[in-house]
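Step one of this worksheet: look at the structure below.
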Amino acid sequence: MLDHLVYATPDLDATVAELADRLGVRAAEGGRHLGYGTRNRLIGLGGRRYLEIVGPDPEQPAPAAGRWFGVDALAGASLTTWAVAATDIEEQAGKARAEGYDLGEVLEMSRASANGGAILEWRLTPPRAGSIVPFLIQWGSTAHPGASGLPPIRLVSFAAGHPNPATVRDDLAMVGVGLEVFPSARPMLVAVVEGRRGPVRLVTA
């Protein structure tokens, strides 16, 4: 099940302002990913799903290994990856590895909430920018971000394009998820969301 879409940008404030103009909805404050050099803003997609807009945090140095989601290499905003909710992340990652697709080692993560109150805790497999295959995420005992009254928009559609759709469908099946994959000249994710001002297309740059 889709947990969230990741819309990465080299300029978080500018992208939030652009989306607010196009959607009529302004993203809520998320938080800082300490040690990873990023911060985020969030928009609800209905239920426990949300759009994460993530970019560099000017109050943190860039990590030596680079920021996640390919942020450092971006010239503009890009739908870089997506996350699927796992109920037992170790088991699901292990099954995928046994099937032939290695999602990587499960990592422990946390950040403070936007108001500096509760600490959000979660576990995930490392995100891979530009991959059609999602990463897995399992939230801890704190409230899911999508359940915290985020400004809402509607997810109209979500699909992927790839030069070899059959191969990607096989990879997705090994991870235990499904997604429409259409033929395209390059790998890409495509989401259509709708706010107060009509539909907006988000795509991998």
Query raised in the report: Does ALA20 count as closer than 23 Å to LEU202 by Cα and either at pLDDT 95 or above or loosely packed, with under 14 Cβ neighbours inside 10 Å (or both)?
Result: yes
Query raised in the report: In segment 49-61, which residue that is open to solvent by less than 20 Å² (accessible area, probe 1.4 Å) and within 11 Å of the chain's Cα centre (by Cα) is farthest from ALA17 (Cα to Cα)?
Result: TYR50
Requested in this report: Identify the single condition in (1) of a type in the set (Ser, Thr, Tyr); (2) within 17 Å of the chain's Cα centre (by Cα); (3) within 22 Å of GLU105 (Cα to Cα) that SER141 does not satisfy, given that it satisfies every other one.
Outcome: (2)
Query raised in the report: Which condition breaks for GLY37 when tested against (1) in contact (Cβ under 8 Å) with a residue 40 or more places away in the chain; (2) open to solvent by less than 10 Å² (accessible area, probe 1.4 Å)?
Result: (1)
Report summary line: Among ALA75, ALA85, ALA64, the single one that is at pLDDT below 95 and open to solvent by 20 Å² or more (accessible area, probe 1.4 Å) is ALA64
Query - Which numbered condition LEU120 fails, given (1) farther than 23 Å from LEU79 by Cα; (2) surrounded by 17 or more Cβ atoms within 10 Å (Cβ to Cβ); (3) at pLDDT 95 or above - result: (3)
Query raised in the report: So which residues in segment 23-34 are open to solvent by less than 50 Å² (accessible area, probe 1.4 Å) and either among the hydroxyl-bearing types (Ser, Thr, Tyr) or modelled with pLDDT under 95 (or both), if there are any at all?
Result: GLY30, GLY31, HIS33
Report summary line: Those residues of segment 186-205 that are surrounded by fewer than 17 Cβ atoms within 10 Å (Cβ to Cβ) and among the small types (Gly, Ala, Ser) come to a total of 2
Report summary line: Among strands (runs of 3 or more DSSP E) entirely within segment 132-205, at least 2 residues that are touching a strand residue (DSSP E or B) at 6+ places or on another chain (Cβ under 8 Å) and more than 24 Å from LEU42 (Cα to Cα) occur in 154-162, 181-183
Query raised in the report: If you take the residues in segment 130-185 that are among the polar types (S, T, N, Q) and open to solvent by less than 60 Å² (accessible area, probe 1.4 Å), which one is farthest from VAL200 (Cα to Cα)?
Result: THR142
Query raised in the report: Are there any strands (runs of 3 or more DSSP E) wholly within segment 1-116 with 1 or more residues that are among the basic types (Lys, Arg), and if so which?
Result: 28-33, 38-46, 49-56, 107-112
Query raised in the report: Can you find even one residue in segment 114-123 that is within 22 Å of LEU2 (Cα to Cα), touching a helix residue (DSSP H, G or I) at 6+ places or on another chain (Cβ under 8 Å) and not acidic (Asp, Glu)?
Result: yes
Report task. Residues being among the β-branched types (Val, Ile, Thr) and either surrounded by fewer than 18 Cβ atoms within 10 Å (Cβ to Cβ) or out of contact with any helix residue (DSSP H, G or I) (no Cβ under 9 Å at 6 or more places or on another chain) (or both): count how many of those fall in segment 1-17. Result -> 2
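The values are calculated or read from the model by the stated rules, or taken from the named source; none is laboratory data. Note that the coordinates shown come from a computational prediction; the quantities given were computed from them, not determined experimentally. Because the Cβ atoms are built from the backbone with ideal geometry, glycine has one as well, and the counts that use them run over all protein chains shown. Protein only, heavy atoms only, side chains kept; ligands, DNA and RNA dropped before computing areas. Shrake-Rupley method; radii C 1.70, N 1.55, O 1.52, S 1.80 Å.
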